[in-house]
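The values are calculated or read from the model by the stated rules, or taken from the named source; none is laboratory data. Predicted model, so just to flag it, every value in this text is computed and none were measured. As a convention, Cβ positions derive from the backbone with ideal geometry for all residues, glycine included, and neighbour counts pool all protein chains shown. We work out accessible area using only protein heavy atoms, side chains counted, and drop any ligands, DNA or RNA first. Shrake-Rupley method; radii C 1.70, N 1.55, O 1.52, S 1.80 Å.
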Amino acid sequence: MPVILYACVVRLQDGLPLSASNDFHANKQILECKKKLKALCPTLSRKPARGTARLSELCIHFCSAGVISSLMICPDSCPPAVAFCFLDEILWEFSASYNSTAIALASRPYAFLEFDSVIQRVKHNFNSAGGPPVHPDLSPPPVVIKLEDAEEVNGFPNGHAASGTAVSPTASAPNYRMTPVTALGILSLTLNIMCGALSLIRGVHLAENSFQDGSENSGRVIAFLTAFSANILQCYLFLFHCSARKLKTCSLLAVICVCNVYLYGLRDEWQIFFHVAVATLSAQQIVVRKPVDRRSDCGV
């Protein structure tokens, strides 16, 4: 049996799989071990940097560094020194190929699928007769993890909430990523930022004049700054998931509409129409962009 049966790289923050070796295994034990590895990925940020989990005759080893973690499945006869030497090399290769910004911006599973060729090359080197030289491992010994304890989905052991507690699928924002941004979504975000900037500039300019001419324009200054704040909050709702999202979206749209109507005179009909149309488009994109359950896109 080969030393390394399967290997992958995941984002440490949320367990998003970034790349994996393209292996096919019909062995039920290996398939079951892959399922356990899948359940372990979202919990790695709460685990030690180096760990081992055992399942019958197989082992899962993982090693975390920076913003990523590498994992592997191997027979329990594989020496830990060899396993962690392999994981360290995968981490080094991946970190040398992609910076932390690219990793943080990854929005879909296996965004760096081309790295599979590097994993296969390193895996082949370790699986070949003799394998590469293994240097003495001076790191602390890996912590043994119980797979039963690691099967946490959305923060609850074994994918279930505490007894007697009903949990909505969208109740906890940190456990959800959003669906990929579309071209229309990028357009709405860009226009929203532009509208917010225009409101901020006009508000600051009007505030400067108000200090000189009196406070009769204070209401309009507040309206400009309120519209700016609402635009920024719309951008936030578009990018991140939160509770009562639709209610907040409708409230922000109403605020922007009221502020722009109040500013009639400083803005003409076309300017008001433009700001309201952009806010409406942004609200529609916020509602359309749904959260994605990590369980549905973190397959390995």
Original post:
Quick check: anything in the stretch 2-17 assigned to a helix (DSSP H, G or I), surrounded by 15 or more Cβ atoms within 10 Å (Cβ to Cβ) and aliphatic (A, V, I, L, M)?
Top reply: no
**OP:** Within the stretch 22-56, count every residue that is touching a residue at least 60 places away in the same chain (Cβ under 8 Å), more than 12 Å from residue 74 (Cβ to Cβ) and outside any strand (DSSP E or B).
**Re:** 11
**OP:** Take the residues in the stretch 63-109 that are under 18 Å from the mean Cα position of the chain (by Cα), β-branched (Val, Ile, Thr) and part of a helix (DSSP H, G or I), then tell me which one is surrounded by the most Cβ atoms within 10 Å (Cβ to Cβ).
**Re:** 103
**OP:** Can you confirm whether the stretch 265-272 contains a residue that is over 22 Å from the mean Cα position of the chain (by Cα) and buried (at least 19 other Cβ atoms within 10 Å of the Cβ)?
**Re:** yes
Original post:
Looking at the stretch 212-262, which of its residues are over 25 Å from residue 285 (Cα atoms) and either modelled with pLDDT of 90 or more or part of a helix (DSSP H, G or I) (or both)?
Top reply: 212, 213, 218, 219, 220, 221, 222, 262
Original post:
Got a number for residues in the stretch 21-50 being open to solvent by less than 30 Å² (accessible area, probe 1.4 Å) and in contact with an Asp or Glu (Cβ under 7 Å, 6 or more places away or on another chain)?
Top reply: 4
Subject >> Residue check for residue 138: modelled with pLDDT under 90, exposed (fewer than 12 other Cβ atoms within 10 Å of the Cβ) and aliphatic (A, V, I, L, M) >> reply: yes
